[in-house]
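A.B. asks: Got a structure here, written out as structure tokens. Questions coming.
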Amino acid sequence: MSAAAPSPAPASPRPEEYPPAGGEHHWAKVTRELRHRLAKEIPRDVLKELHRKNPARHLAIAARQFLILGVASGASWMFPQPWIWIPAALVAGWTIFNFTVLLHEVVHRAVFNGPRPAAERALAILYAVPSGISSLQFTRWHLTHHAELGDSEADPKRHYLSPRINKAWYKLLYFTPALFPIYFRAARRETATYPPALQRRIAWERRGTIAFHLAVMAVIFLLGGWGVLARVYLVPYFLVFPIAFALNRLGQHYAIVPEDPAKWGSIIRPSRWWDFWYLYSAYHLEHHYFTAVPFYNWKPTTYGRLFKAWIFENKVPHTNWSLEDGLVG
């Protein structure tokens, strides 16, 4: 939900959080009127109910994701037949990406009713390690994105991660293992702007994550050899994860109307399929702005339509794509 929504209880700031106390950042400035209108339209008791957390449900979903990953990885290990291990690897890779969605919930304090710093820290590390990222870096990066949404320079996801070369071949690289050097280069450039103490903590987290993944790879190789390592680890991480990541990002802030802050994201048609495989994260505009925008003012699009416009029509990111059967300006 939007930063304008009231939370049930105040929480102390974390050192990795952004923006710092005081000051008004880009998104807050340009959406002041919109947020004021939304606050008038949405009853306070409805907002309060929307912000009610259910820790047991969150943890049950997290447990389900670990179970899915375990079963899919086990199937890839035990069954070398392509008709078994390839679908299992797809499920495993997609599930690995979804741990970043669970981490996203922790970043926005959407797990517990009230501050639980120790539990939140533990969950953040737990969810960050499978996808190979630093929870501290992700927190600062993502909250800066929220605070500076709409600013092409201050929003790190847009400034460092959105492709600068508007060519289909280059954009398709984001769906391949090339995503990893692209992403970590972007993260490194953004992290260089952080306070030195935070940079050191992020560096230690990254070293720990790398050590964990190298140890997992070594164990899999020693027990199963190259074939098992490829099926259980290399294909899910390096071939499937980038597809899940890039498609999810495509549904966020690429097809927009730049001059209208209420249209700084894509509306994805509700789908139980994507609700399950993306843990409801396809509702990205709602995540930034409430859910009170009338449905008749928006024409939802689909991932397939966005992919067609992105690659085959070579649309420029962060512009009005004017999709006939999707987002229109």
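A.B. asks: Restricting to DSSP loop positions (anything but H, G, I, E, B) with no more than 10 other Cβ atoms inside 10 Å of their own Cβ, which GluC sites (Glu not before Pro) remain in the range 141-195?
C.D. replies: Passing sites in the range 141-195 are GLU153.
A.B. asks: Give me a comma-separated list of calculated 3J(HN,Hα) values for the range 238-255, in order, Karplus coefficients 6.51, -1.76, 1.60 applied at θ = phi - 60°, integers in Hz, x for any Gly or Pro.
C.D. replies: Per-residue couplings from phi come out as 9, 10, 8, 3, x, 5, 4, 5, 5, 5, 4, 5, 4, x, 9, 10, 8, 8 Hz.
A.B. asks: Shifting gears a bit: Take the alpha-carbon centre of the range 45-120, take the same for the range 171-246, and report the distance between them in whole Å.
C.D. replies: Centre-to-centre distance over Cα atoms comes out at 18 Å.
A.B. asks: Per-residue HN-Hα couplings for the range 87-94, Karplus 6.51 cos²θ - 1.76 cosθ + 1.60 at θ = phi - 60°, whole Hz, x for Gly and Pro?
C.D. replies: My calculation for the range 87-94 gives x, 5, 5, 4, 5, 4, x, 5 Hz in order.
A.B. asks: Explain nothing, just compute: Karplus ³J(HN,Hα) = 6.51 cos²θ - 1.76 cosθ + 1.60, θ = phi - 60°, for every residue of the range 215-229 in order, whole Hz, x for Gly and Pro.
C.D. replies: Residue by residue, the range 215-229 yields 5, 4, 4, 5, 5, 4, 5, 5, 8, x, x, 5, x, 5, 4 Hz.
A.B. asks: Considering amide H positions built from the backbone, and no H for Pro or chain starts, which residues 5 or more places from THR319, or on another chain, come under 5 Å of its amide H?
C.D. replies: ILE256
A.B. asks: Given an 8 Å cut-off on Cα distances and at least 6 residues of separation, report the relative contact order of the range 156-314 as a percent.
C.D. replies: The value is 25 percent.
A.B. asks: Regarding the range 136-196, what are the three Cα extents along the principal axes, ordered largest first, in Å?
C.D. replies: Principal-axis extents of the range 136-196 (Cα, largest first): 35, 23, 15 Å.
A.B. asks: Using a ≥ b ≥ c from the Cα gyration tensor of the range 154-273 (square roots of the eigenvalues), is it rounded, prolate or oblate, where a/c under 1.5 gives rounded and otherwise the larger of a/b and b/c decides, a/b for prolate?
C.D. replies: Oblate, since a/c reaches 1.5 and b/c is not below a/b.
A.B. asks: Okay, moving on. As an exercise, identify the trypsin sites (Lys or Arg not before Pro) in the range 111-158 lying in DSSP coil whose Cβ has no more than 13 other Cβ atoms within 10 Å.
C.D. replies: Here no loop site has a sparse enough neighbourhood.
A.B. asks: State the answer as a single residue: which of ILE86, LEU172, ASN113 lies farthest towards the positive end of the charge dipole of the range 25-178, with beta carbon charges of +1 for Lys and Arg and -1 for Asp and Glu, about the Cα centre.
C.D. replies: The listed residue farthest towards the positive side: ASN113.
A.B. asks: Using modelled backbone amide H atoms (1.01 Å from N, in-plane), which distant-in-sequence or interchain residues come within less than 5 Å of THR301's amide H?
C.D. replies: Residues meeting the criterion, in which the H sits 1.01 Å from N, are ILE267, ILE268, ARG269, LEU327.
Computed from the coordinates by the stated procedures, all read-outs in this text should not be read as laboratory data. Given the structure is predicted, the values throughout are model-derived calculations rather than measurements. Heads up, the Cβs are rebuilt from the backbone with ideal geometry, glycines too, and the neighbour counts pull from every protein chain shown.
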